[in-house]
């Protein structure tokens, strides 16, 4: 039987079919739906959202050392968080199959950077597989687990936004059980103290040579001979684009691009007159081809920024053939549509936080989450974003550097549990005095409302201990801790004012549910009395999509308004009721 599946759904199906027993991760677009779909098989696979990617990676590693097949999922920046255990697991090795599924985001559709995960594979000296459609996503996961067990190595399965979210037919298969044999003690194998890590290091190099031979003979890499004037080495999703735009060309499809299949590359290069490497982001394969002494085109004509597409390959073909680059006009009616930048939802509790911060001249160190949108007009109330948890640590850094303005660090609840606690501990230990706001809506909202340690529920659907941000803050040495409903605008402003005047650190937990996730938080829509409204436009400065200004008239759209009353509290003339 065949089903139309997205790449993420296909990976989840592959985990089921391959006998995976443990699947863990941290949500992050474009990887999130993998574990959400694995949860459908929870009678066979234990699955969880871990507090962060490092914890998830270590959990899956522990599972694989018992002989259980395990997977860990994350987006590309999540692998930065998990890099520490990755670099040592490659020495320790695996027992049951272990695959880290890492979703890159060329074009930065929902990410703060555009890094290329393939560099981690070379850094760690482990295999990386790149599917080009959903069926390959399923098949490559199964193959990755087999490779992991055969060579005792972790394996990375790299997907991209296009593979993760595009759909194609997948032929479904039955599950094949892999029964773990249990952990067998062997300290020289599993404990990388220097005396034992040195021979581990040598084994890594021997394994790399064996993997290089295997990749050249793997069916994941194949030559499709066509006309010999142009040969294209295509990696991952770029294969689909190359087949569409260069149907007559010879293609070397790389699904297993590292360790590099040198024999196959040399064979292919020798059979074509001109060689072109088409890959998204870095010149990962191109650089190696040139190191082999093989001349080729690559990033001199293929962009190394952003996502590839058939249209971009049409431009590349025009460059190769010396013809005019085709002009791409927008779809006729689309050019008339207004831009729709992302904004905080109507009645989002984060909006009240930024509106209150707007009353003060402060520096706001932000973080990764829905509240990142506080940087945009008309709120304009975020000054930095670095990484998960950075909102707290950067606030501390600014204060100890002597920043004269008051400094506010803001994180969400999921981000706080992910990597904010250690930053707060640093503040308590080293005695700086920023104001830290935890925007606590009891859910991991930006990636699609996944549960976290503060939600009180697990991915398996079980009730769980609801972690207390207040208790964590106390344990970190913070004495001034307040919980407030941010929708109470005047109280929020008063608390901020008091906190800015206090020479010690303050943690403000702005607790209010996400109205998209918890509909019970919605209230009756408000309306503006046009006979009272003075058209001062103060209500527009909160940036609520429900408040509309047309033909010199300000109205509240009742289909959008969630009744949070922020605009009512800001209006000086009592025009909103």
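Picking from 244, 307, 248, which residue would you name as being surrounded by fewer than 19 Cβ atoms within 10 Å (Cβ to Cβ) and touching a residue at least 60 places away in the same chain (Cβ under 8 Å)?
Testing whether each residue is surrounded by fewer than 19 Cβ atoms within 10 Å (Cβ to Cβ) and touching a residue at least 60 places away in the same chain (Cβ under 8 Å) leaves just 244.
Could you look through region 182-208, keep only residues that are loosely packed, with under 11 Cβ neighbours inside 10 Å and touching a residue at least 12 places away in the same chain (Cβ under 8 Å), and pick out the one that is farthest from residue 242 (Cα to Cα)?
If we take residues in region 182-208 being loosely packed, with under 11 Cβ neighbours inside 10 Å and touching a residue at least 12 places away in the same chain (Cβ under 8 Å), then 182 is farthest from residue 242 (Cα to Cα).
In region 261-283, what residues are under 30 Å from the mean Cα position of the chain (by Cα) and surrounded by fewer than 23 Cβ atoms within 10 Å (Cβ to Cβ)?
282, 283
So that you can scan it fast, the table gives a plain yes or no per residue for (1) surrounded by 19 or more Cβ atoms within 10 Å (Cβ to Cβ); (2) at negative phi:
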position	(1), (2)
530	no, yes
534	no, yes
537	no, no
547	yes, yes
551	no, no
554	yes, yes
559	no, yes
564	yes, yes
575	yes, yes
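Does residue 529 satisfy being under 14 Å from residue 345 (Cβ atoms) and touching a residue at least 40 places away in the same chain (Cβ under 8 Å)?
Considered against the rule, which asks whether it is under 14 Å from residue 345 (Cβ atoms) and touching a residue at least 40 places away in the same chain (Cβ under 8 Å), residue 529 comes out as no.
Would you confirm whether any residue within region 556-569 is outside any loop (DSSP other than H, G, I, E, B) and within 30 Å of residue 452 (Cα to Cα)?
yes
Of the residues 201, 175, which single one is within 32 Å of the chain's Cα centre (by Cα) and assigned to a loop (DSSP other than H, G, I, E, B)?
The match here is 175.
Somewhere in region 491-514, is a residue exposed (fewer than 15 other Cβ atoms within 10 Å of the Cβ) and under 33 Å from the mean Cα position of the chain (by Cα)?
No - not one qualifying residue is present in region 491-514.
Yes/no per residue for (1) closer than 22 Å to residue 76 by Cα; (2) not in a loop (DSSP other than H, G, I, E, B):
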| site | (1), (2) |
| --- | --- |
| 228 | no, yes |
| 239 | yes, yes |
| 243 | no, yes |
| 272 | no, no |
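Consider residue 164 carefully, then state whether it is over 23 Å from residue 265 (Cα atoms) and surrounded by 18 or more Cβ atoms within 10 Å (Cβ to Cβ).
So residue 164 fits the description; yes.
Identify all residues within region 548-562 that are more than 32 Å from the chain's Cα centre (by Cα) and under 23 Å from residue 342 (Cα atoms); write none if there are none.
548, 549, 550, 554, 555, 556, 557, 558
In region 465-484, what residues are surrounded by 14 or more Cβ atoms within 10 Å (Cβ to Cβ) and either within 26 Å of the chain's Cα centre (by Cα) or part of a loop (DSSP other than H, G, I, E, B) (or both)?
If the condition is that a residue be surrounded by 14 or more Cβ atoms within 10 Å (Cβ to Cβ) and either within 26 Å of the chain's Cα centre (by Cα) or part of a loop (DSSP other than H, G, I, E, B) (or both), then 467, 469, 472, 476, 477, 478 are the ones that fit.
Among the residues of region 113-123 satisfying the criterion of being part of a loop (DSSP other than H, G, I, E, B) and in contact with a helix residue (DSSP H, G or I) (Cβ under 7 Å, 6 or more places away or on another chain), which is farthest from residue 19 (Cα to Cα)?
Top of the filtered list is 113.
Would it be correct to say that residue 520 is under 19 Å from residue 377 (Cα atoms) and loosely packed, with under 14 Cβ neighbours inside 10 Å?
no
Does residue 541 satisfy the criteria of being closer than 19 Å to residue 351 by Cβ, surrounded by fewer than 17 Cβ atoms within 10 Å (Cβ to Cβ), touching a residue at least 24 places away in the same chain (Cβ under 8 Å) and outside the structural domain of residue 414 (by TED's automatic domain parsing)?
In short, no.
The values are calculated or read from the model by the stated rules, or taken from the named source; none is laboratory data. Predicted model only: the values in this text are computed from it and were never measured. Using ideal geometry, Cβ is built from the backbone for each residue, glycine included, and neighbour counts are taken over all protein chains shown.
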